[in-house]
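What follows is calculated from the coordinates using simple rules that are stated; it is not laboratory data. Because the structure is predicted, anything quoted here is derived from the model rather than measured. Neighbour counts are summed over all protein chains in view; Cβ atoms, including those assigned to glycine, are modelled from backbone coordinates with ideal geometry.
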Amino acid sequence: MEYRNIILEKQGKLALITINRPKALNALNSETLKEIDSAIDDIGTDDSVLVVIITGAGKSFVAGADITEMKDLNSVEGRKFGILGNKVFRKLENLEKPVIAAVNGFALGGGCELSLACDIRIASSKAKFGQPEVGLGITPGFGGTQRLARTVGLGMAKELIYTAKMIKAEEALRIGLVNRVIEPEKLLEEAKNLANSIADNAPIAVRMCKAAINKGIQCGIDTAIAYESEVFGECFATEDQKEGMTAFVEKREKCFKNK
Ligand code: DAK
């Protein structure tokens, strides 16, 4: 697929998706959502890519779903648009590779929700987060009512969603919405360092950790722990488990093969 609204780059073990509609502050229209969907499929089937970074071009990460496209939708079309967005975000959340959101600027509405579908969020000191939907007469539609509460807790999620107010990066850090705040010019470098430090580890084990954490958070502790035991056992069927432990015993550098 040829991309007009995103840039997909692969650099060693990393893939970088840049949302690239700076004139509309990278607002998500259907075309952009479909391109993100295609990029996730590409990355999902490319064994050379171990970690993904998503960022935005210009002064915005993503300033929400595209209001120009949405404003005249009827309820059937609105539902279709919502289904598309939710499908893409869920695919990203379930991608068998860690995804880091490098939030460079506005992460509003669908933009905040996009970052929440990623595994880890780091932010530029210029980033701003918010769920402004109720101010537009709608509810968050790409998972915001669900993932925000799971990330920052019920009270804080409700305050952000009910007030529709924007918060700065430092406040996002304080409430646990982002893991760290970085000087703008260092954001991508920091995201790549973080991605590479993940990519240095056994890919299958990392993938299983992602699945265990994501599944476990949705079910009772007994089911979650049983799932953890299952994936723990599966690791012992991998070459990388043998390599990781043998390298430790032999006091040498490990060399994982994603096998
Ligand atoms: N959509 C379309 N265009 C946008 C946009 C957006 N979300 N945000 C900004 N733009 C465009 C502006 O219209 C402007 O275009 P021109 O006038 O230059 O043609 C350009 O980007 C630059 O924006 P500003 O001139 O406004 O820039 P400022 O720096 O002054 O302000 C701002 C930046 C981010 C504070 C402001 O642009 C702003 O408030 N933007 C809207 C933010 C927002 O409300 N976003 C949330 C959208 S609601 C659903 C599923 C999901 C959703 C909805 C339904 N279903 C289940 C159906 C999701 C909803 C949302 O995300």
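From the alpha carbon centroid of region 8-49 to that of region 231-251 is 33 Å.
Over the chain, calculate the relative contact order: mean separation of alpha carbon pairs under 8 Å at least 6 apart, over the residue count, as a percent.
On the way: 463 pairs, mean separation 39.7, N = 259.
Reported relative contact order: 15 percent.
Beta bridges per DSSP, both residues in the chain: antiparallel share near 25 percent.
Arrange the following residues from fewest to most other Cβ atoms within 10 Å of their Cβ: Phe142, Phe89, Phe81, Phe248. Mind dumping the intermediate values first?
Values: Phe142 29, Phe89 25, Phe81 21, Phe248 10.
Fewest-to-most ranking of Phe142, Phe89, Phe81, Phe248: Phe248, Phe81, Phe89, Phe142.
A simple packing score, the average count of other Cβ atoms within 10 Å per residue, orders the peptides 175-181, 61-67 as 61-67, 175-181, with the highest score first. Label-to-label distance, Glu9 versus Leu84, with points set 7 angstrom from Cα along the beta-carbon direction: 2.7 nm. Round to the nearest 10 and give me the degree value, 0 to 90, for the angle of helix 221-235's Cα axis relative to the longest principal axis of the chain. The helix 221-235 is inclined about 50 degrees to the chain. Count Lys and Arg as plus one, Asp and Glu as minus one, and take only other residues whose Cβ is under 12 Å from that of Thr32; the net charge is then -2. Too long at a 24 Å Cα-Cα cut-off: which of Lys91/Lys165; Lys34/Lys259; Lys97/Lys215? Correct reply: Lys91/Lys165; Lys34/Lys259.
I need the calculated FRET efficiency for the pair Glu243 and Thr151, taking r as the beta carbon distance and R₀ as 35 Å, to the nearest 0.05. Rounded to the nearest 0.05, the efficiency is 0.55. What separates the Cα centres of region 64-79 and region 106-126 is a distance of 21 Å. Distance between the modelled labels on Asn258 and Asp200, one decimal in nanometres: 1.9 nm (7 Å Cα→Cβ projection). Other residues whose C-beta falls under 10 angstrom from the C-beta of Val103 contribute a net charge of +3, scoring Lys and Arg +1 and Asp and Glu -1.
Which loop-located trypsin sites (Lys or Arg not before Pro) does region 1-99 contain, where loop means any DSSP state but H, G, I, E or B and the Cβ has at most 12 other Cβ atoms within 10 Å? Write down the numbers at each step before the final one.
Details: sites: Arg4, Lys10, Lys13, Lys23, Lys34, Lys59, Lys71, Arg79, Lys80, Lys87, Arg90, Lys91; in loops: Arg4, Lys13, Lys59, Lys71.
Qualifying residues, ordered by number: Arg4, Lys71.
What is the extension gain from Ile67 to Ile225, computed as 0.36 nm multiplied by their sequence separation minus the C-alpha to C-alpha distance, in nm to one decimal?
Details: separation 158, 0.36 × 158 = 56.88 nm, distance 4.27 nm.
Roughly 52.6 nm would be gained on extension.
Put in line by how crowded their Cβ is, counting other Cβ atoms within 10 Å and starting with the fewest, Leu16, Leu84, Leu148 read Leu84, Leu16, Leu148.
Counting neighbouring beta carbons within 10 Å and listing from fewest to most, the residues Tyr162, Tyr227 come out as Tyr162, Tyr227. So what's the angle, to the nearest 10 degrees on a 0 to 90 scale, between helix 203-216 and the longest Cα principal axis of the chain? With rounding to tens, the tilt is 50 degrees.
What net charge is computed for the residues neighbouring Lys91, neighbours being all others with C-beta under 10 Å from the C-beta of Lys91, Lys and Arg scored +1, Asp and Glu -1? Write down the numbers at each step before the final one.
Details: positive: Lys87, Arg90; negative: Asp37, Asp41, Glu93.
Neighbour charge sum, excluding Lys91 itself: -1.
Each residue of region 24-36 was assigned a 3J(HN,Hα) from its phi angle through the Karplus expression (A = 6.51, B = -1.76, C = 1.60, θ = phi - 60°), giving 10, 6, 6, 4, 8, 9, 4, 4, 5, 4, 5, 5, 4 Hz with x at Gly and Pro.
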